[in-house]
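A short worksheet on the structure shown next.
The values are calculated or read from the model by the stated rules, or taken from the named source; none is laboratory data. Only a predicted model underlies this, so the values are computations on that prediction, with no experimental measurement involved. Glycine also receives a Cβ, built like all others from the backbone with ideal geometry; neighbour counts cover every protein chain displayed.
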Amino acid sequence: MTHDLLIVGAGPAGISTAVEARDAGLPPSRIVVLEKGPLHSYAIRKFYPDEKRVDAVYKGIPAVCEGRVCIVDGTKQQTLDFIDQTIKQWEVDVRYDEGVDSIARMDDGCFEVRTPKATYVARVVVVAIGILGKPNVPDYKIPRNELRGRVHFDVTSEKLQGERALVMGGGDSAADFAHYLVSKGFHVDLSYRKAELSRMNQINLADMQGIAAAGGLEFLMPTDVTRLEVDSGRPRAVFAQIDPRTYDHVVYALGGSTPAGFLQSTGIDLKGGEPTLGEGGQTNVRGLFLAGDLTVGKKGGSIISAFNSGVFTMRVILREQLLGEATPAVARAP
Ligand SMILES: Cc1cc2nc3c(=O)[nH]c(=O)nc-3n(C[C@H](O)[C@H](O)[C@H](O)COP(=O)(O)OP(=O)(O)OC[C@H]3O[C@@H](n4cnc5c(N)ncnc54)[C@H](O)[C@@H]3O)c2cc1C
């Protein structure tokens, strides 16, 4: 069966793209969303600490929603419940545990999309896989075997126990991780290479300062960790500016990066490691689009910017009549 629209990734951008297509009149059977994880919004589930406050205004991006899907301030669970409800309400067909391995344009202009379970054919493909699948790592080698269970890139994958933790990074993710660890009884050191936390939003900044004033957190700024050593099975951070310190856990919050290899394998042109995109995330391959965090570069995106990107992508797909005969004429509400 040929789908009109195949979306890769069931995060905010992928779900919003599907909803906009449904809103434009495309029936559920013509759209499929392939998700690598066992549940939708898998990056949010993994990288957001439980009980995290989800800000509608994130990284200074205004909370102005252009399409059918929108969030307000809430918690991680409320955000996930809302996306769950949205998938049901709009009858979006999401196939789980179907990580896409390859996308190839065929001679007839359609795309062949392969997962370990199946091969799909679609007229238009929107890749909305985000950047969190590939968290940034430091440029020194982490002794991962000796420090198994002690070095992390999120705070949900393993149960963290102990008294002292080091969080590396100066953005909002670092604040989320630090807040979570303090709430679990850790004393946290926050190491950032700059003297000011200029990338953190005002709420997180005030939160960090409040926790520091209460004695739960120490700012190590500016500091650079030059290497991680093993101290009786625990990580010992060696800093360029201050004496080494030993922790129960080290958590990196260094952001993610564009999956350049995957994009290039689909024929998408990259410049300086970033895709070159036209309006609505159109790539140089006709009918192949990017949406969400993949389209915003190093400055990063938000849930609402990912929702909006799905709206802009669908506008171009409809305007260019890329869905062929299936292009719907009548808008339809569920
Ligand atoms: C710690 C942290 C806190 C944040 N807090 C906030 C906040 O409070 N407010 C806010 O607005 N934003 C926040 N953000 C940013 C926000 O989460 C992202 O901007 C948003 O999730 C991007 O949506 P997306 O759909 O582009 O990508 P993602 O959310 O990354 O979703 C991508 C989806 O694609 C799937 N996928 C990946 N590879 C494949 C593949 N090969 N095949 C199929 N599926 C695949 C993933 O499993 C995932 O479900 C935060 C980010 C982090 C890291």
Any residue at all in the stretch 133-154 that's within 12 Å of the ligand (Cβ to nearest atom), of a type in the set (A, V, I, L, M) and touching a residue at least 40 places away in the same chain (Cβ under 8 Å)?
no
Would you confirm whether any residue within the stretch 31-39 is closer than 23 Å to F262 by Cα, near the ligand (Cβ under 9 Å from one of its atoms) and outside any loop (DSSP other than H, G, I, E, B)?
yes
Neighbours by Cβ (under 7 Å, 6+ apart or cross-chain): first from the stretch 51-71, within 18 Å of W90 (Cα to Cα); second within 8 Å of the ligand (Cβ to nearest atom) and in a loop (DSSP other than H, G, I, E, B)
I71/A56
For residues in the stretch 172-198 being farther than 21 Å from G301 by Cβ and aliphatic (A, V, I, L, M), which is surrounded by the fewest Cβ atoms within 10 Å (Cβ to Cβ)?
A195
Out of all the residues in the stretch 44-58, is one or more away from the ligand (no atom under 11 Å from the Cβ), out of contact with any strand residue (DSSP E or B) (no Cβ under 6 Å at 6 or more places or on another chain), of a type in the set (D, E) and farther than 21 Å from D207 by Cα?
no
List, please: which pairs have Cβ atoms under 7 Å, are six or more places apart or on different chains, and start with a residue in the stretch 310-323 that is assigned by TED's automatic domain parsing to the domain that holds V19 and end with one that is among the acidic types (D, E) and surrounded by fewer than 21 Cβ atoms within 10 Å (Cβ to Cβ)?
V311/E66; V316/E279
Expected output for the stretch 18-43 (first residue within 14 Å of Q89 (Cβ to Cβ), partner near the ligand (Cβ under 6 Å from one of its atoms), Cβ below 6 Å, 6+ apart or cross-chain) is H40/A10
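Out of all the residues in the stretch 256-276, which are surrounded by fewer than 18 Cβ atoms within 10 Å (Cβ to Cβ) and either out of contact with any Gly (no Cβ under 8 Å at 6 or more places or on another chain) or part of a loop (DSSP other than H, G, I, E, B) (or both)?
S257, P259, G261, Q264, S265, G267, D269, L270, K271, G272, G273, T276
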